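Student: Here you go, one structure.
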Amino acid sequence: MIPELGLILLIISTVSSLLLAVIPLVALHTKNHYLFSYVKTLTGLMTFTITASILCLLISFITDDFSVAYVANHSNTQLALLYKVAAVWGSHEGSMLFWVVAIAIWGCIIVFSSKYRDRLFIGRLIAILAAVIAGFNLFMLFTSNPFARLLPNFPIEGRDLNPILQDIGLIFHPPLLFLGYVGLTVTFAAAIAGLLGGKLTRTHASYLRPWALLAWVFLTGGNAFGSWWAYNELGWGGWWFWDPVENASFIPWLVATALLHSVVLSHRRDSFKVTTLLLCLLAFSLSLLGTFLVRSGIVQSVHAFASDPTRGMSILFLLGVFVCGALTLFALKANQIKSELNFTLVSRDSVILLGNIVLVVAAISVLLGTFYPLLFELLDIGTLSVGAPYFNSIFIPLTFIAVLLMGVAPLISWRREKFSALRPLTILFIISLAIAEALSMLTGSGFNIWLFLGTTSATWLLLCLSYLLFRLRHQGIESLARKSAMIIAHLGVAISIIGATSVSNFEQQELLRMGPAQGKVVAGYTFVYEDTVKVDAKSYTAIQANIRVTDADDIFIGYITPQRQTFKTNAMEVSKAGIMRNIFRDLYVSSGLQLSDTEYLIRISYKPLACWIWLGGLLMMLGGTIAALTGLYRLREQKRDSSNSSLLAATMGGVA
Amino acid sequence: MRALILILMISLSASVMASAPGKNSYTQDQIRDLGFEISHELRCPMSINQNLFDSQAPIANELKAQIFLMLDQGESKQAIIEFLVQRYGEKIKYQPSFSAATAILWFGPLFLLLAIIATAAVLIREQHKHQRTNGNSYE
């Protein structure tokens, strides 16, 4: 009963989204405000029904209704309640539903908020969002219905969520990423709304700015949590592997980063509107392409948990429709959107523009590397792999350039800057080169270009931020507060670079055979294998190694307990690493193959400053959140300030 | 380290190795670091998109043992990678070698960067010229 109710609600929301995709546009075209007044009603109906629909799926999970195929395949009676809830978005059908629900709710908040006074723009925006929702709802109804029944022979106990996914990471990582994609969908809809209206005013840019920032914050969180989760759970000790699935979420992040800086230009300087619009389209297209990549299973990945070739075609079809439609509209309308360019080569405008170009090139390069093996096979030239060594050699230099620009941008003024203003920057750059060189010498292992680029960029960014703070010291708390979001986010980038550089260059590791009473010294820490114990948890049994760790002064600092877990429901084996962390280093031990009765293949790593990678991610999210909230607050203030003279009817008559 | 090599050697399929005269003699630490470095840059032929170092598949362990064995014999990093490429094909390398077919991969990003910057510069210059002749405003 409940699943059928869910399906009916899904169908109702599909119908209302189809109506909502058409009605505002027709109403604007025929200047019919009576028709336009249905926008709120339809948005409410669509959002209510789709939200109720996902609640039906949730109820099916909680009540263990295994006659629903999706529930049966991803839950069982033994699963903890928290994971039953998380399983709603744990696989393909549910995650699609979750995604659509999030778009509907975000759209609904925009439509019902009185902050956004340009109702025509919002009307067009919700029409586009509704079209996207309708597309994905139809996709779900025809190819991946989450409420499909499994009758009459359904499994009484259910099956299981992929054991790797039974982790706190699953509760945060996918929803954050989906919310990021949802944000990009909203910016996409805003861009189309701007193109349909033939303009992108500063008001529109002021709407777009917090949305792009929020999308970026969610994407940052999604990527950071994903990397954190892989580091802790997958037992391979890496934090970034340039795997196609990682790239699929990283590429939109890079474009979203360019987008949010471009929106700043459009908002503050009323310029680069076409660039902003193009980046909105690009970010959304790339996020769909990423979904296609992950869901179709056309690439080999360690993290693809919901791939199926038949779905690939449907996503590719939706991608084709949205991207071709959007690009055609862009080609037709972009020349109507005029912005005034008013800056010289040495100005903040041009530095931000260059930075955005570098980010987009980085995104396209990652895309190229991800698709290259596929192209190779399609063209039948042979097979090859494109992996971490390639991506690092392309990405690190691009990051270096981006960071150089990042340091400069806040220190020079908009419009035009005197050449003499670059003098202190040159001095700062020479200092950071010297510090990097000194660090390189101290490590004494010869010149290493990656280490050099990493340390130079991190010191440069830190020096530039300190110099900025120094210059702001007389300007009062207000200007500091205004810049705080940017400073925190950029500091986050510096922190992440320090962590990544340190782990990549100074990691010390050993791979060895270990059994009870054997020991090994790594980076001054002594690891003694004490014993092997069997652990029996609710959903798995595990063989756990108890490894005693003492530091250089022979002081006991704790036990590390890596496990080999075997899941009860499907006998799948996973390796769970043991990690002992503090702010300066992670000690990482994972246990592998059994080599003899008592001995295992043990991997011990000392990873200096490992957690700085994610600490930086958190700072970026914090900075982004502050900026987004400030933007929303300003919109509310503007609404309060301006009078209520411009009614909907007046604007409709005037503009349409 | 030797213990690992020995135990893995047992499972190593008896293959005739190209025994070049050992040119290098590494210390144990160098062998460890080089071995890790090489196994990070090669793809496990069995498991899905994992490098040899991280992979727990039996073949990955055999190949790791092979790498350490060859390092013990004083082979260079390049010789080892070439040997494995001969055996398992180009796909085993995560860093594709440069050829006509991979030229786009290697030079694409640089070309793209320069092309976009050049296009942007031309567009901006044109717009500036346009603005100057049109009285500097579009609003």
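Student: According to a simple spin-label model (label point 7 Å from Cα along Cα-to-Cβ), what is the distance in nm between B:Phe111 and A:Val15?
Tutor: For the pair A:Val15/B:Phe111, the computed spacing is 5.4 nm.
Student: Now a separate question. Quantify how strongly other chains surround peptide A:378-390 by giving the mean number of their Cβ atoms within 10 Å of each of its Cβ atoms.
Tutor: Rounded to a whole number, the mean comes out at 6.
Student: Under a plain spin-label model, where a point goes 7 Å from the Cα along Cα-to-Cβ, how far apart in nm are A:Arg636 and A:Ala571?
Tutor: With each label point 7 Å from Cα toward Cβ, the separation is 5.8 nm.
Student: Let me ask another. Which aspartates and glutamates does A:Lys534 reach when only Cα atoms under 15 Å apart count, and residues fewer than 8 places away in its own chain are ignored?
Tutor: Qualifying aspartates and glutamates at Cα under 15 Å: A:Glu573, A:Asp597, A:Glu599.
Student: While we're looking at this one, here's another question. Tell me which aspartates and glutamates have Cα within less than 19 Å of A:Lys568's Cα, excluding those fewer than 8 residues away on the same chain?
Tutor: Straight-line reach from A:Lys568, under 19 Å: A:Asp64, A:Glu157, A:Asp160, A:Asp167, A:Glu233, A:Asp536.
Student: Next question, about the same structure. By Kyte-Doolittle mean hydropathy of at least 1.0 and Cα axial length of at least 15 Å, which whole DSSP H helices of chain A are selected?
Tutor: Span-like helices, by this rule, are A:2-30, A:38-62, A:92-112, A:119-143, A:168-197, A:273-296, A:309-333, A:348-378, A:388-408, A:422-443, A:449-471, A:476-506.
Student: Once all Cα-Cα distances of the stretch A:338-388 are split into 5 Å bins that start at 0, what whole-number percent is in each one?
Tutor: Here the calculated profile for the stretch A:338-388 is 5, 17, 15, 15, 11, 9, 8, 8, 8, 5, 0.
Student: Below 16 Å, Cα to Cα, which aspartates and glutamates can A:Lys418 reach? Residues fewer than 8 away in the same chain don't count.
Tutor: Partners within reach: A:Asp349.
Student: Cut-off is 10 Å between beta-carbons; in what order do A:Cys324, A:Cys611, A:Cys56 appear when sorted fewest neighbours first?
Tutor: So the residues, fewest neighbours to most, are A:Cys324, A:Cys611, A:Cys56.
Student: Could you list A:Glu507, A:Glu340 in order of exposure, starting from the residue whose Cβ has the fewest other Cβ atoms within 10 Å?
Tutor: Neighbour counts put them in this order, fewest first: A:Glu340, A:Glu507.
Student: Which log10 I(q)/I(0) values does the stretch A:1-166 give at q = 0.18 Å⁻¹ under the Debye formula, counting every alpha carbon as one identical point scatterer?
Tutor: The calculated log intensity ratios at q = 0.18 Å⁻¹ are -0.98.
Student: Write down the percent of antiparallel bridges among all DSSP beta bridges whose residues are both part of the stretch A:460-611, to the nearest 5.
Tutor: That works out to approximately 100 percent antiparallel.
Student: Give the span of chain A's Cα atoms along each principal axis, as three whole-Å numbers ordered largest to smallest.
Tutor: 85, 79, 54
Student: So what's the projected area for the stretch A:501-650, the Cα convex hull averaged over all directions, in nm²?
Tutor: So the mean shadow area of the Cα hull is 16.5 nm².
Student: Let me ask something additional. Could you work out [θ]222 nm for the protein assembly as shown from helices alone, using -39500 (n - 2.57) per DSSP H run of at least four and dividing by all its residues? Round to the nearest 500 deg cm²/dmol.
Tutor: Helix-only estimate at 222 nm: -22000 deg cm²/dmol.
Student: Could you work out the mean count of beta carbons from other protein chains within 10 Å of each residue's beta carbon in B:95-102?
Tutor: 5
Student: Return the tail of the calculated pair distribution for the stretch A:419-575, meaning the percent of Cα-Cα pairs more than 19 Å apart.
Tutor: Of all Cα-Cα distances in the stretch A:419-575, 72 percent exceed 19 Å.
Student: Hey, another quick one. Quick one: A:Cys280, A:Cys108, A:Cys464, fewest Cβ neighbours within 10 Å first, how do they rank?
Tutor: Ordered by Cβ neighbours within 10 Å, fewest first: A:Cys108, A:Cys464, A:Cys280.
Student: Any idea how far apart A:Thr328 and A:Leu618 come out in nm if each label point goes 7 Å out from Cα toward Cβ?
Tutor: 4.9 nm
Student: Could you give me the percent of Cα pairs per 10 Å distance bin for the stretch A:105-263, shortest bin first, beginning at zero and ending with the bin that holds the maximum distance?
Tutor: For the stretch A:105-263, the binned pair fractions read 10, 29, 29, 21, 9, 2 percent.
Student: Ok, one more. Among the listed pairs A:Lys338/A:Lys639; A:Lys273/A:Lys333; A:Lys520/A:Lys607, which have their C-alpha atoms separated by more than 23 angstrom in this model?
Tutor: A:Lys338/A:Lys639
None of the figures in this text is laboratory data; all of them are computed from the coordinates on show. Quick caveat, the model's predicted, so the values are computed rather than measured. Neighbour counts run over all protein chains shown; Cβ positions are idealised from the backbone, glycine included.
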